[in-house]
1. Under a 10 Å cutoff between Cα atoms, tell me which one of Phe159, Phe184, Phe225 has the largest fluctuation in the Gaussian network model of the chain.
2. For segment 99-108, in order, what is each residue's ³J(HN,Hα) by Karplus, 6.51 cos²θ - 1.76 cosθ + 1.60 with θ = phi - 60°, in whole Hz (x at glycine and Pro)?
3. In nm, what is the difference between 0.36 nm times the number of residues separating Asp76 and Ala53 and their Cα-Cα distance?
4. Which is farthest toward the positive dipole end of the chain among Pro172, Ala20, Trp228, measuring Cα position about the Cα centre, with Cβ charges +1 (Lys, Arg) and -1 (Asp, Glu)?
5. For Leu126, what is the net charge nearby, where nearby means another residue's Cβ is under 14 Å from its Cβ and Lys, Arg count +1, Asp, Glu -1?
6. Cα gyration tensor of segment 1-105, axes a ≥ b ≥ c as square roots of the eigenvalues: rounded (a/c below 1.5), prolate (a/b > b/c) or oblate?
7. Using modelled amide H (1.01 Å from N, peptide plane; none on Pro or chain starts), what sits under 5 Å from the amide H of Val185, excluding residues fewer than 5 places away?
8. On alpha-carbon atoms, Rg over Rh for segment 104-246 using Kirkwood Rh?
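Readers should treat all values here as calculations from the given coordinates under stated rules, not as data from a laboratory. Nothing here was measured: the structure is a model prediction, and the numbers come from that model. Glycine also receives a Cβ, built like all others from the backbone with ideal geometry; neighbour counts cover every protein chain displayed.
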Amino acid sequence: MSGTVLILGATSAIARGTAAAWAQRGYRLYLAGRDVESLRRDAADLAIRYGVAVHFGAFDAAAHDSHPAFLQRVTDEMGELEGVLLAFGYLGSQAKAAGDFRETLAIINRNFVDAVSILNLCADHLEQRGRGFIAGIASVAGDRGRQSNYTYGAAKGAFALYLQGLRNRLFPAGVRVLTIKPGFVDTAMTFGMPGLFLVAAPAYVGERIVTAIERGRDVIYVPWFWRWIMLIIRSIPERLFKRLKL
């Protein structure tokens, strides 16, 4: 295999699992995020273990004005991109967001606004190239509003809808867009959360993501059974659903 994949939010657990799956297949990688020292260690580890070229660099998702120069720097260093994985996000606190709009804004910006800013540019790059893929990590939380995390769910739901429109736009250009909807994954974001069950390993999720891209899938739930769990949750009538403590 050949080509370069840009991973945004590359220090997240899911991103690391997916990076390893791509490296095993021979892809070159560009790891981007805020923690440059962690990126440096990850890049060295992947290069040694899999014998592929792995570059890295600082990326601030919230600094929208810097995104064009960042993408230009990546393509100057690596050449044209084969694909992009957007793996950053912010769970935040629903209890805090209910009484502090700054927390609400932080959740919405990181999960939707910041993601759209950089992916708009990546979409233009791949559309001009006439091939490649974009993969974005949404969430099962975006399938239905629940009192426990409806701000996060609203932001991820909006991001999933954005990816759906992007998929429709880029299909004629031969660019694939994958929407990823994870359930509970063993990450720093979910560590210590009450009520978790059937928690998936990041390496498993990463392999499923890469396989889904190879097979040209549009939307995946990982692990797979979350598709049926969310189908049941979406099917509950609103008059009953609003009485549930979910």
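1. Phe225
2. Going residue by residue, I get x, 9, 5, 4, 5, 4, 5, 4, 5, 5 Hz, with x marking Gly and Pro.
3. Extra length from Asp76 to Ala53 when fully extended: 6.8 nm.
4. Selected residue: Trp228.
5. +1
6. Prolate, because a/c is 1.5 or more and a/b exceeds b/c.
7. HN-HN under 5 Å from Val185: Ala200.
8. With Rg and the Kirkwood Rh in hand, the quotient comes to 0.98.
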